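Structure first, then comments.
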Amino acid sequence: MKALEGVKVLDFTHVQSGPTCTQLLGWFGADVIKVERPGVGDATRKQLVDVPGADSLYFTMLNHNKRSIELNSKNETGKEILTRLIEECDVMVENFAPGALDRMGFSWERIQEINPRMILASIKGFGPGKYEDCKVYENVAQCAGGSASTTGFRDGPPLVTGAQIGDSGTGLHLCLGIVTALFQREKSGRGQKVTAAMQDGVLNLCRVKLRDQQRLNAGPLTEYSQYGEGVPFGEATPRAGNDSGGGQPGRILKCKGWETDPNAYTYFITQAAVWEKVCDVIGAPEWKTAEGYAKPIDRLDKLNEIFDRIEQWTMTKTKFEVMDICNPLDIPVGPILSTKEIMEDDGLRATGTIVDVDHPERGTYTTVGCPIKLSDSPVEVTRSPLLGEHTAEILQTVLGYQGDEMERVIASGAVGDANEIAAE
């Protein structure tokens, strides 16, 4: 039995943030019914297309373990069907622009009337306030949530990260909110509204930078490289390059082959507890007792020199050799893995974090599997649905439409192409 087996999710999401959330729910066993515009579907189906005539990887990698129904919610019969779906489902997830559900005639109050146990989960760009009506995309969220201003090197511009902390990060937050609301419903018997703002989600992931903002009141941030270099701090948390955020000096260093391989690098942390081991490994045993090097606080103004010396050693080893040597000594290091190396990693494939999926239009593709492992609810990643693939199935098995009633619904044009549905 899957963890969320029996839970029905009405998925009104599109692009990335919402689909990330509902895909997780599907992985955990929920029946996710993805509602899409007839003939159009989720916008990402046709964005960044790499195989002509097939759904894009952008869509397929965010919509596994779901069923698709085409539904025109502006059509009267479509409104009837949507009302029935709200009656039958436990959770409704949406990431429309603010006010869109109200304009459809399905306000939170109306949804509660239809199904008092319904959990309505929404992703918005900003929470209530002066920006709540603004459109927000991934990079906007990173900028507004504090990530960009603290990412990059201090002599360069703010940078966004490759990790989709605005979209997928908020989807993860919303998923937790939904599961929590489901748990509370078991005790209260009532549904509730769950919201996650992208700005809030990014800020939650940047909490250590908010920590540092407040520490500035007590003086310079000594673990930042600029402190050791004598560069004054301003009023806000600065960009710290590749410094470690945990208080232990760390940097990305070149490894053997860096001249031709853009990812021949390792992350190396000079943790205080293993300083003497670091000195032995890099061939600088004199630093273990030398004045100005033996104590962590005395090394702060010498970090450039220290990491230059460590890099002279790492440049003689591959990034994996650095791991093999340092990990047994508890020296914290980690290789900079390329996306190609990650896709080919046997360990990640063995745990189901990287999986291959067969698709009827595009063939086999590689995707990220469920990052959360439950011992009693293993995840099988199934392919994303074709547009409207399960329309007839959902109308019949979820809503109970049969015979003449089914023909009426099909003829109304509310659920997509009549011939295709009849063929199903």
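The values are calculated or read from the model by the stated rules, or taken from the named source; none is laboratory data. For clarity, every value in this text was computed on a predicted model and none was experimentally measured. Note that each Cβ is placed from the backbone with ideal geometry, even for glycine, and that neighbours are counted across all protein chains shown. Quick note on the areas: whole protein, heavy atoms, side chains included, nothing else; ligands and nucleic acids left out. Shrake-Rupley method; radii C 1.70, N 1.55, O 1.52, S 1.80 Å.
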* Under 18 Å Cα to Cα from residue 130, which aspartates and glutamates show up? Leave out anything in the same chain fewer than 8 places away. => 200
* 5 angstrom amide H check on residue 121, placed H, neighbours 5+ away -> 92, 93, 94, 194
* Asked: Taking 0.36 nm per residue of separation and subtracting the Cα-Cα distance, what length does fully extending residue 184 through residue 364 add?
  -> 60.8 nm
* To do: Over the stretch 328-424, with every protein chain in place, what whole percent of the accessible area is carbon and sulfur at 1.4 Å, could you tell me?
  => 52 percent
* **Solvent-accessible area per residue, Å², over the chain with all protein chains present [probe radius 1.4 Å]** => 49 Å²
* To do: Give me the compactness ratio for the stretch 113-218, meaning the Cα radius of gyration over 2.2 N^0.38 Å.
  => 1.29
* Asked: residue 222 to residue 254: FRET efficiency via 1/(1 + (r/R0)^6), r the Cβ-Cβ distance, R0 30 Å, to the nearest 0.05?
  -> 0.70
* Would you calculate the volume per residue, in Å³, of the smallest convex hull containing every Cα atom of the stretch 306-389? => 161 Å³
* Cα Rg, Dmax (largest Cα-Cα span) when computed across the stretch 134-180, Å -> 12.6, 43
* Relative to the longest principal axis of the chain, what angle (0 to 90°, nearest 10) does the C-alpha long axis of helix 76-88 take? -> 60 degrees
* Structure fact -> For residue 137 the rounded accessible area (nearest 10 Å², probe 1.4 Å, non-protein molecules ignored) is 140 Å²
* Among 375, 225, 56, which one shows the biggest mean-square fluctuation in a GNM of the chain, springs joining Cα atoms closer than 10 Å? -> 375
* To do: Treat each spin label as a single point 7 Å out from the Cα along the C-beta direction, and report the residue 207 to residue 75 distance in nm.
  => 4.7 nm
* Asked: Where does the Debye-calculated log10 I(q)/I(0) of the stretch 197-333 sit at q = 0.10, 0.17, 0.22 Å⁻¹, using only Cα point scatterers of equal weight, no solvent?
  -> -0.39, -0.98, -1.30
* Grab the Cα-Cα distance for residue 380 and residue 288, subtract it from 0.36 nm times how many residues apart they are, and report the gain in nm with one decimal. => 28.0 nm
* Structure fact -> Note to self, the chain gives a 222 nm [θ] from helices alone (DSSP H runs n ≥ 4, -39500 (n - 2.57) apiece, / all residues, nearest 500) of -9500 deg cm²/dmol
* **Sites residue 231 and residue 349 - FRET efficiency at Förster radius 41 Å, r taken between beta-carbons, to 0.05** => 0.35
* Asked: In square angstrom, rounded to the nearest 10, how much accessible surface does residue 180 have for a 1.4 Å probe?
  -> 80 Å²
* Asked: Of 261, 11, 376, which has the most accessible area and how do the rest follow, probe 1.4 Å?
  -> 376, 261, 11
* Structure fact -> Given pairs 8/193; 8/74; 277/317; 8/66; 209/295 and cut-off 19 Å on Cα-Cα distance, the over-length ones are 8/74; 209/295
* Which whole-number percent gives the relative contact order of the stretch 213-367, counting Cα pairs below 8 Å spaced six or more residues apart? -> 21 percent
* Asked: Each label point is 7 Å from the Cα along the Cα-to-Cβ direction; what then is the distance between the points at residue 215 and residue 134, in nm?
  -> 2.9 nm
* C-alpha long axis of helix 17-27 to longest principal axis of the chain, angle in ° -> 80 degrees
* **Which of 340, 66 is most accessible, then next, and so on - probe 1.4 Å** => 340, 66
* Asked: Hey, how many Å between the Cα centroid of the stretch 21-47 and the Cα centroid of the stretch 102-118?
  -> 21 Å
* Structure fact -> Relative to the chain, whose Cα atoms define the longest principal axis, helix 303-314 and its Cα axis are tilted in degrees, nearest 10, by 80 degrees
* Relative pair counts by distance (%), Cα atoms of the stretch 49-114, 5 Å bins -> 3, 13, 20, 22, 15, 13, 9, 4, 1
* To do: Check the straight Cα-Cα distances from residue 319 and name the aspartates and glutamates below 19 Å, setting aside those fewer than 8 residues away within the same chain.
  => 243, 259, 261, 280, 308, 311, 330, 341, 344, 345, 346
* Rounding to the nearest 20 debye, state how big the charge dipole of the chain is about its Cα centre with +1 on each Lys and Arg Cβ and -1 on each Asp and Glu Cβ. => 1060 debye
* Structure fact -> Here the convex hull volume per residue of the chain, taken over Cα atoms and given in Å³, is 179 Å³
* Asked: In the stretch 1-84, what percent of the accessible surface is made up of carbon and sulfur (1.4 Å probe, ligands and nucleic acids excluded)?
  -> 57 percent
* Asked: Rounded to whole Å and sorted largest first, what semi-axes of the equivalent ellipsoid does the C-alpha gyration tensor of the stretch 285-341 yield via the square root of 5 times each eigenvalue?
  -> 26, 12, 11
* Angstrom value of the Kirkwood radius, inverse mean 1/r, which spans all Cα pairs in the stretch 1-151 -> 16.6 Å
* Asked: Among 411, 121, 196, which one shows the biggest mean-square fluctuation in a GNM of the chain, springs joining Cα atoms closer than 10 Å?
  -> 411
* With the Cα gyration tensor of the stretch 8-84 giving a ≥ b ≥ c as the square roots of its eigenvalues, does the rule (a/c under 1.5 for rounded; else a/b larger than b/c for prolate; else oblate) give rounded, prolate or oblate? -> oblate
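When only C-alpha pairs under 8 Å and at least 6 residues apart count, what is the relative contact order of the chain, in percent?
Over the chain, the number comes to 19 percent.
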* Asked: Using a 1.4 Å probe, how large is the accessible area of residue 206, given in Å² and rounded to the nearest 10?
  -> 10 Å²
